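The values are calculated or read from the model by the stated rules, or taken from the named source; none is laboratory data. Note that the structure is predicted; figures quoted are calculated from it, not measured. Note that we place each Cβ from the backbone using ideal geometry, even for glycine, and neighbour counts take in every protein chain shown.
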Amino acid sequence: MTAILEARGLHKRFGGLAAVADVDLAIEDGEIHCLIGPNGAGKSTLFKLLLGTYDPSAGRVMFQGVDVTRQKPFERVLHGMSIKMQVPSVFRDLPVSQNLVIALQRRLPRTGIEAEMRRLLALLELEEQAGKPAGELSHGQQQWLEIGMALALQPRLLLLDEPTAGMSTDETFRTGELIQRLNASGMTILVVEHDMAFIRQIAQRVTVLHLGRVFAQDSIDRIIADPRVAEIYLGKTDVD
Ligand code: ADP
Ligand code: MG
C-alpha cells in the first residue's frame, strides 16, 4: 500500500498546550480511515493541520508524495484534496441542481456539466429534490449536497469532519452508504467522527487520538476489542 496523505512528526502548540504532539499518520490510497478519540483529543486540530487551515509548530504534511506543509488549503484542493466544510456553504435560495452546476463549472466545460450533475444527483440520492431550493432540504440532505459540491472537483482524497453531526439515525446510516459508494469508486476518505455505530459501519482502519498523540492504530475490529481504548473514553465500558 502507498500513502496518499502522511503526517510526519506533526505538532501544534496553543500557548503551553500541545493540542497535537508528534503525530505520525499514513492514510493509505483507497481506504476509509476514521480518526476518533475523546473530546479534546486533538482531532479537529489535526484535521486542520492536514488541510492547511493551521500551520504546524513542527513536522510535515505529505500529499501524494509532495511536501504540502507550506501550502494553503486552496492549493491542496487544487492538487486533489477536498473537504466538506462544517459551516454550510450551499446557496440556499438556488435549486439543488444549480448548486451542483456552480460547483462543476469550476472544473468542466459547459457541454459536460449536465451529465455530471445528473450523475451526482443519483449518487447523492437527491434526484427527487433537484428542483428544490437547497434551503428547503432536510439537514441530512443539505450535508449530502455539500459532499456533492466537494465531489465536483473530483478529489482523490475527501476529508470529512463529523459528517453526521445533527443527523437522524436513518440519515447517518445513508451517509455511511454514500461514503462506501464513493470509496468503491476509488476515493480515499478520512473521517473524523464521534458516532461509534457510524464508525463501525464504514471504517477500515482507525486511528485513536488521546491527549494529542496517536494512542492506537488498527483495524476497526481490533480497536473495538481493545480494552485500553475503551478506558480512555472515561466512564464508559465500551468505546461507544
Ligand atoms: P477534538 O476535536 O478532539 O475535540 P481539538 O482539536 O478541538 O480536540 O482540541 C484539542 C485541544 O486543543 C483541546 O484542549 C482544546 O481546548 C485545544 N484547542 C483547540 N483549538 C484551540 C485554539 N484555537 N486555541 C487554543 N486551544 C485550542
Ligand atoms: Mg473536534
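Somewhere in the stretch 105-112, is a residue outside any loop (DSSP other than H, G, I, E, B), of a type in the set (Lys, Arg) and at pLDDT below 95?
There is at least one residue in the stretch 105-112 that is outside any loop (DSSP other than H, G, I, E, B), of a type in the set (Lys, Arg) and at pLDDT below 95.
When you go through Met149, Met117 one by one, which is the residue that is at pLDDT 95 or above, in a helix (DSSP H, G or I) and surrounded by 20 or more Cβ atoms within 10 Å (Cβ to Cβ)?
Met117
Could you list all residues from the stretch 21-47 that are in contact with an Asp or Glu (Cβ under 9 Å, 6 or more places away or on another chain), over 12 Å from Val208 (Cβ atoms) and within 10 Å of ligand 1 (Cβ to nearest atom)?
Ser44, Phe47
For the stretch 200-217, which residues satisfy the criterion of being within 14 Å of ligand 1 (Cβ to nearest atom) and not in a strand (DSSP E or B)?
Leu211, Gly212
Pull out all pairs, ordered by first then second residue, where Cβ-Cβ is under 8 Å, the residues are six or more apart or on different chains, the first lies in the stretch 13-27 and is within 11 Å of Val61 (Cα to Cα), and the second is of a type in the set (S, T, N, Q).
Final answer for the pair search is Leu25/Thr207; Leu25/Gln217.
Scan the stretch 152-182 for residues that are crowded, with 20+ Cβ neighbours inside 10 Å, in a loop (DSSP other than H, G, I, E, B) and small (Gly, Ala, Ser) and jot them down.
Ala152
Please pick out the residue among Arg228, Arg222 that is touching a Phe, Trp or Tyr at 6+ places or on another chain (Cβ under 9 Å) and surrounded by fewer than 19 Cβ atoms within 10 Å (Cβ to Cβ).
From the options Arg228, Arg222, the qualifying one is Arg228.
Examine the stretch 63-71 for a residue that is at pLDDT below 95, within 12 Å of ligand 1 (Cβ to nearest atom) and either more than 17 Å from the chain's Cα centre (by Cα) or over 30 Å from Ile224 (Cα atoms) (or both), and state whether such a residue exists.
No: the stretch 63-71 contains no residue that is at pLDDT below 95, within 12 Å of ligand 1 (Cβ to nearest atom) and either more than 17 Å from the chain's Cα centre (by Cα) or over 30 Å from Ile224 (Cα atoms) (or both).
Looking only at the stretch 1-55, filter to residues that are within 12 Å of ligand 2 (Cβ to nearest atom) and assigned to a loop (DSSP other than H, G, I, E, B); which one of those is surrounded by the fewest Cβ atoms within 10 Å (Cβ to Cβ)?
Out of the qualifying residues, it is Asn39.
With away from ligand 2 (no atom under 16 Å from the Cβ), aromatic (Phe, Trp, Tyr) and buried (at least 18 other Cβ atoms within 10 Å of the Cβ) as the only criterion, which of Phe91, Phe63 stands out?
Testing whether each residue is away from ligand 2 (no atom under 16 Å from the Cβ), aromatic (Phe, Trp, Tyr) and buried (at least 18 other Cβ atoms within 10 Å of the Cβ) leaves just Phe63.
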